[in-house]
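The values are calculated or read from the model by the stated rules, or taken from the named source; none is laboratory data. In this text, all values refer to a predicted model and were calculated from it rather than measured experimentally. When we count neighbours, we look across all protein chains shown, and the Cβ atoms used for this are built from the backbone with ideal geometry, even at glycine.
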Amino acid sequence: MRINERIRVREIRVIDDAGTQLGIMAPQQALAIAREKGLDLVEVSATAVPPVCRIMDFGRFQYLEQKRARQAKKHQKTIEIKEIKFRPKVDEHDYQFKKRNIERFIEEGDKVKATVFFRGREMAHPEYGRHILERLVKELADVAIAELLPRLEGNQMSTILTQRPGVKKPTPAPAPAPAASAEPQS
């Protein structure tokens, strides 16, 4: 943003500190009006013809912009990529345990990278890993979709799962109130 003497055009449209338009004038004339009020002349729209400038307190304007940016950043949700590793000969209980963790991560709004890690001679049968990942995508189809299809990279086969669009996070049920005793006390 250009301010005060840095505005170097022939004429500008000026808006005062109250928000009323003062019209089109030379930058020197607008700067003189701003100096009388103890404020700055700030170019707010350089692409307009003629450029639009506003009379305001530039320091306060910068402070409010920074405050607004911090507030927006505070309410921003960062999406993490969690990684869950499988082996080609994973046991059924381990598979179900890891699948529940993936469901929980996805419901929290995170992405999940499911990886099958091959060692040694296990690389001779990558179809086992592909079967595990395809089964996982199929069983989680109601809550997640696969961003990437299972692909082999070196000795790992992986896919990325993300929350299915339109699926809302479940709201926790309110805790039941303790029941009052029906017997009179004596």
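Numerical summary
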quantity: Members of segment 8-26 found to be within 18 Å of Phe61 (Cα to Cα) and surrounded by 11 or more Cβ atoms within 10 Å (Cβ to Cβ), listed by number; calculated: Val14, Ile15, Asp16, Asp17
quantity: Every residue from segment 42-79 that is touching a residue at least 24 places away in the same chain (Cβ under 8 Å) and either more than 22 Å from Ile12 (Cα to Cα) or of a type in the set (A, V, I, L, M) (or both); calculated: Val42, Val44, Ala46, Ala48, Val52, Ile55, Met56, Lys77, Ile79
quantity: Tally of residues being within 32 Å of the chain's Cα centre (by Cα) and either farther than 21 Å from Thr20 by Cβ or not β-branched (Val, Ile, Thr) (or both) across segment 31-47; calculated: 4
quantity: Any hit, segment 71-83, residues being more than 35 Å from the chain's Cα centre (by Cα), charged (D, E, K, R), outside the structural domain of Arg135 (by TED's automatic domain parsing) and part of a helix (DSSP H, G or I); calculated: no
quantity: Filtered residues of segment 151-164 (kept if over 18 Å from Asn101 (Cβ atoms) and either under 23 Å from the mean Cα position of the chain (by Cα) or in contact (Cβ under 8 Å) with a residue 24 or more places away in the chain (or both)); calculated: Leu152, Asn155, Gln156, Met157
quantity: Failed item in (1) of a type in the set (S, T, N, Q); (2) modelled with pLDDT under 90; (3) in a helix (DSSP H, G or I), with Thr47 passing the rest; calculated: (3)
quantity: Members of segment 103-143 found to be farther than 22 Å from Pro88 by Cβ and assigned to a strand (DSSP E or B), listed by number; calculated: Lys111
quantity: Residues of segment 27-67 that turn out to be surrounded by fewer than 14 Cβ atoms within 10 Å (Cβ to Cβ) and of a type in the set (Asp, Glu), as a count; calculated: 2
